[in-house]
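What follows is a set of notes on a single structure, which appears directly below.
The values are calculated or read from the model by the stated rules, or taken from the named source; none is laboratory data. Please read all numbers here as calculations on a predicted model, not as lab measurements. Ideal geometry is used to build each Cβ from the backbone, glycine not excepted, and the neighbour counts take in all protein chains shown.
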Amino acid sequence: MITLYGNARTSAGRCLWALEEVGAAYENKQVDMKNKEHKSPEFLKLNPNGKIPVMVDGDTTLFESMAINFYLADKYKPELLGSNHGERALSSQWSFWASSELQPPIIEVFIQKVFMPADKKDQNVIDTNMEKLPTLLKVLDDSLNGKTYLNGSAFSLADLNTYTVVSIAPHLGIDLTTYKNVDLWMKAISDRPAYQKYSLLRK
Ligand SMILES: N[C@@H](CCC(=O)N[C@@H](CS)C(=O)NCC(=O)O)C(=O)O
């Protein structure tokens, strides 16, 4: 039985979605972040970074949500990575892109808008990072032109990992319907039973 530590409304959410996609048996252990359980000695043995998610599957213990998803797909549903070398590489490409290019500015703005007390908000941080997003979202929109999914016609980890970052954008006030291909892509993904289970877990 796989154990996934972390609450669905955090980075652990994308792993819970991947677990639903691959259909492996798992338990989800909630981590009491208010009481700093993620900084406890027991938890730090699982993830020395003191962050969620962590996954334990037999002898394998992993941190980093997207790495966990690659492991889950590779072991339990390899076709989720893609059906050939090129598609599997695209799953890596889009996951690295989402985590290293798109996520940093999105998270900077999210922290400022959602978590920062009014007297500590830094409008300059918001503006600088918001300016980066149209170019990045256009790259995604253009790449989806004429395709249902990032790898072509089949849903893959490229879509799952990227979606979990793009879907934060509306919380920053970004209207994703102006990116027509992104909008269609998100609608196609939202029909997936595993996605719907993941959405329910986040409520
Ligand atoms: N790159 C990591 C990020 C993990 C991360 O930042 N998790 C947050 C919750 S979304 C956390 O545990 N924060 C607690 C902390 O930083 O102390 C991943 O994708 O797994």
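D32: touching a strand residue (DSSP E or B) at 6+ places or on another chain (Cβ under 7 Å), among the charged types (D, E, K, R) and either over 18 Å from F115 (Cβ atoms) or at pLDDT 95 or above (or both), yes or no? Please lay out each step first, then the result.
Numbers: touching a strand residue (DSSP E or B) at 6+ places or on another chain (Cβ under 7 Å): no; among the charged types (D, E, K, R): yes; either over 18 Å from F115 (Cβ atoms) or at pLDDT 95 or above (or both): yes.
The answer is no for D32.
Do the conditions hold for V56, that is, is it at pLDDT 95 or above and β-branched (V, I, T)?
Against the criterion (at pLDDT 95 or above and β-branched (V, I, T)), V56 qualifies.
Per-residue answers, yes or no, for (1) surrounded by fewer than 19 Cβ atoms within 10 Å (Cβ to Cβ); (2) aliphatic (A, V, I, L, M); (3) within 19 Å of Q103 (Cα to Cα):
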| position | (1), (2), (3) |
| --- | --- |
| Y5 | no, no, no |
| C15 | no, no, yes |
| E21 | no, no, no |
| A24 | yes, yes, no |
| M33 | yes, yes, no |
| S40 | yes, no, no |
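Out of the residues in the stretch 94-144 that are among the aromatic types (F, W, Y) and under 27 Å from N181 (Cα atoms), which is nearest to the ligand (Cβ to nearest atom)?
Filtering the stretch 94-144 for residues among the aromatic types (F, W, Y) gives 94, 96-97, 110, 115.
Now drop any that are not under 27 Å from N181 (Cα atoms), which leaves 94, 96-97, 110.
Details: W94: 15, F96: 12, W97: 14, F110: 10 Å.
Of everything passing the filter in the stretch 94-144, F110 is nearest to the ligand (Cβ to nearest atom).
Can you run down the residue pairs with Cβ atoms below 7 Å, 6 or more apart or on separate chains, where the first is in the stretch 57-83 and assigned to a strand (DSSP E or B) and the partner is at pLDDT 95 or above and more than 13 Å from the ligand (Cβ to nearest atom)?
D57/I2
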